[in-house]
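J.: First the structure, which I've put down as structure tokens, then a few questions once you've had a look.
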Amino acid sequence: MPPSLHRWFFLLFLSFNLSGHLSAQPPKYQDSGKDSLSGYIQMKYGLDQELYNGFQYYKRYVNYKGDPFFPEDVFYDGSITIRGIEYDYVRLKYNSYSQFLVLEYTDFKGRYNQMRLSSIHIDSFQLGDYGFQKLSLLGEEPLFYQVFSAGTLTCYIHWAKDIHATSDDLQYSYEYTKALGNYYVSYGEEVRTFNNRKSFISLFPDPVQGEIKKYFRSHSLSFREAGPGDIQKLIEYVSQVEETLSEH
């Protein structure tokens, strides 16, 4: 990127942050001119500029096969909570390799732009039907986890991609792996981790274990291949089994 363009982005970023930290529910916007970028942003997103505490996003890895995003390389309608303030009606996608969010927005001329958001102050975000929270589980460093619950169970999944060198590929030198999950479940007022069928089954009492084994056999479920929907259905099934057994 030319030095002059770097300088332009820096000045633009600085101008956003000099506006200060104001309310997420601003007073009625006063028109400061249709050609004013700061005026447009206030009208579009409010006076609070936390959403713009980031960097202009650009694709770095042009010689890489695949993409780093989860669940796919598309922008989702969603929301984001920054320092306890929730922002609705934003367009986001999640880089699960580098663990950051990309915000899509339009400038004062209606052009689409992308900005990499600073993750340090993000509490949670929503990508369509996928909900994520920043959590520290079992004493580990804070990470983004997909969270969903059913009955007495809550499942947490940290999704991550890796990069591998390709072989016999004349176009790409590297490729992104599929997203792999690190799994945790809150059960019986305790959070425990699991990574395969055996470790998952062992989390539950004997009567429940037998039913879970039947589920695995009938659905051929593998955690290495499972997606969010597969895990959601499993958690819902276990919750139903527990509820049924508790009634007898």
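J.: Using 0.36 nm per residue, how much length does the chain from L138 to S98 gain when fully extended, once their Cα-Cα distance is taken away?
T.: Using 0.36 nm per residue and subtracting the Cα-Cα distance, I get 12.2 nm.
J.: Another question, if that's okay. Subtract the Cα-Cα distance of S199 and L245 from 0.36 nm times their separation in residues, and report this length gain in nm to one decimal. Provide the component values of the computation, followed by the final result.
T.: Details: separation 46, 0.36 × 46 = 16.56 nm, distance 2.14 nm.
Extending this stretch completely gives an extra 14.4 nm.
J.: Using a Förster radius of 25 Å, what is the FRET efficiency between Y215 and K178 based on their Cβ-Cβ separation? Nearest 0.05, please.
T.: Efficiency for this residue pair is about 0.60.
J.: For F69, enumerate residues with amide H under 5 Å from its amide H, sequence gap 5+ or separate chain, H modeled in the peptide plane.
T.: S96
J.: Find how many whole Å separate the alpha carbon centroid of the stretch 191-248 from the alpha carbon centroid of the stretch 65-109.
T.: A separation of 31 Å, based on Cα centres.
J.: Can you tell me the length gained on complete extension of the stretch N113 to E236, counting 0.36 nm per residue apart and subtracting the Cα distance?
T.: Stretched fully, the N113-E236 segment lengthens by 40.4 nm.
J.: Turning to a different aspect of this structure: Spin-label point model (7 Å from Cα, Cβ direction): what's the D129 to D169 distance in nm?
T.: The modelled label-to-label distance comes out at 3.0 nm.
J.: Continuing with the same structure: Apply the Karplus parameterisation 6.51 cos²θ - 1.76 cosθ + 1.60, with θ equal to phi minus 60°, to every residue of the stretch 193-201 and state each ³J(HN,Hα) to the nearest whole Hz, in sequence, with x for glycine and proline.
T.: 9, 8, 9, 7, 4, 4, 5, 6, 4
J.: Ranked highest first by the average count of other Cβ atoms within 10 Å around their residues, in what order do 136-143, 155-162 fall?
T.: Per-residue Cβ counts within 10 Å, averaged per peptide and sorted highest first, yield 155-162, 136-143.
J.: The stretch 71-118: percent of C-alpha pairs farther apart than 17 Å?
T.: Tail fraction, whole percent: 35.
Taken together, the values in this text are just the output of simple stated rules run on the coordinates, not laboratory data. Quick caveat, the model's predicted, so the values are computed rather than measured. Virtual Cβ from ideal backbone geometry, glycine too; neighbours counted across all protein chains shown.
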